[in-house]
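Colleague: Can you read through this structure? Questions will come right after.
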Amino acid sequence: MKITLIDAGKRFNRDWIFRHFHYEFITSHTYAITGPNGSGKSTLLQTVAGSIGVSEGSIAYMGRPALGAPAKEIQPDQVFQHLSIAAPYLEVIEEMTATEFLHFHASFKPLLSGWAVKDILQRVGLGNAIHKQIRYYSSGMRQRVRLAQALFSDVPLVLLDEPCTNLDKDGIALYRQLIEELGRGRLIIVSSNDPQEYDFCEKNISIMDYKS
């Protein structure tokens, strides 16, 4: 998968969050979007995800090419089928158990081949709470659910916004292990100002370089 932004910018009212953003994100590579709190990292990540439109410039998505064929352009309103995202502000369905939630998620987006829901929950350290409603989970347990649905989805693009929020030392170690195990061959973009969340990334993009 390849994502190309050409002279892209986003503003809210009269305030520009970023401008003149020229960049190409390519599959099998890892990127970090960094900057101070409130600088617009999440806005840029959501722009890449297609959930927020650009105010100027353009963004294009190219999918994996078929054998012997050119790469296929992905329409912006279909980008969601090719990506997963984990962010602390994304809600999980509290009335469901973690098992029910991942099965529900898998009805929209397939999980990685060879992974059953119970095995995924065991891998992220929730094996003893698979039948407990998410409403009774701690904030750290909920973040593990978010990481599970993002990293175990069978998609070429994984977006991670402050992925270690509410995680303890063991949770952070788990996150890094999952990136190592499941990240190969995918396009991964991390939005964060915490090096332990992104220091594995090959490219570091400072949002402060794209202010008007």
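Colleague: Scan region 149-161 residue by residue and report those that are part of a loop (DSSP other than H, G, I, E, B) and either more than 13 Å from the chain's Cα centre (by Cα) or buried (at least 20 other Cβ atoms within 10 Å of the Cβ) (or both). Let's see the steps before the verdict.
Modeller: Keep residues of region 149-161 that are part of a loop (DSSP other than H, G, I, E, B), which gives 152, 154-156.
Across region 149-161, the qualifying residues are Phe152, Val155.
Colleague: Sticking with this one: Only one of Ser39, Ser84 is surrounded by 15 or more Cβ atoms within 10 Å (Cβ to Cβ), small (Gly, Ala, Ser) and assigned to a loop (DSSP other than H, G, I, E, B); which? First the steps, then the outcome.
Modeller: Numbers: Ser84 fails: assigned to a loop (DSSP other than H, G, I, E, B).
Just a single option satisfies the conditions, and that option is Ser39.
Colleague: A follow-up question, please. Take Ala8 and decide whether it is assigned to a strand (DSSP E or B), more than 22 Å from Leu182 (Cα to Cα) and not polar (S, T, N, Q). Before the answer, list the steps.
Modeller: Numbers: assigned to a strand (DSSP E or B): yes; more than 22 Å from Leu182 (Cα to Cα): yes; not polar (S, T, N, Q): yes.
Considered against the rule, which asks whether it is assigned to a strand (DSSP E or B), more than 22 Å from Leu182 (Cα to Cα) and not polar (S, T, N, Q), Ala8 comes out as yes.
Colleague: Just give me the residues in region 162-212 being farther than 19 Å from Ile120 by Cβ, within 13 Å of the chain's Cα centre (by Cα) and either among the β-branched types (Val, Ile, Thr) or in a loop (DSSP other than H, G, I, E, B) (or both), in sequence order.
Modeller: The answer is Glu162, Ile189, Val190, Ser192.
Colleague: I'm told Arg19 meets every condition in (1) touching a residue at least 60 places away in the same chain (Cβ under 8 Å); (2) farther than 10 Å from Asp7 by Cα; (3) not in a loop (DSSP other than H, G, I, E, B) except one. Can you identify the failing condition by its number?
Modeller: (2)
Colleague: Does region 83-108 hold any residues that are over 20 Å from Tyr175 (Cα atoms) and charged (D, E, K, R), and which are they?
Modeller: Passing the criteria: Glu94, Glu95, Glu100.
Colleague: Provide a single number: the residues in region 142-178 that are in contact with a helix residue (DSSP H, G or I) (Cβ under 8 Å, 6 or more places away or on another chain) and in contact (Cβ under 8 Å) with a residue 40 or more places away in the chain.
Modeller: Within region 142-178, residues that are in contact with a helix residue (DSSP H, G or I) (Cβ under 8 Å, 6 or more places away or on another chain) and in contact (Cβ under 8 Å) with a residue 40 or more places away in the chain number 23.
Any read-out appearing in this document is the output of simple, stated calculations on the displayed coordinates, not a laboratory observation. Please read all numbers here as calculations on a predicted model, not as lab measurements. As a convention, Cβ positions derive from the backbone with ideal geometry for all residues, glycine included, and neighbour counts pool all protein chains shown.
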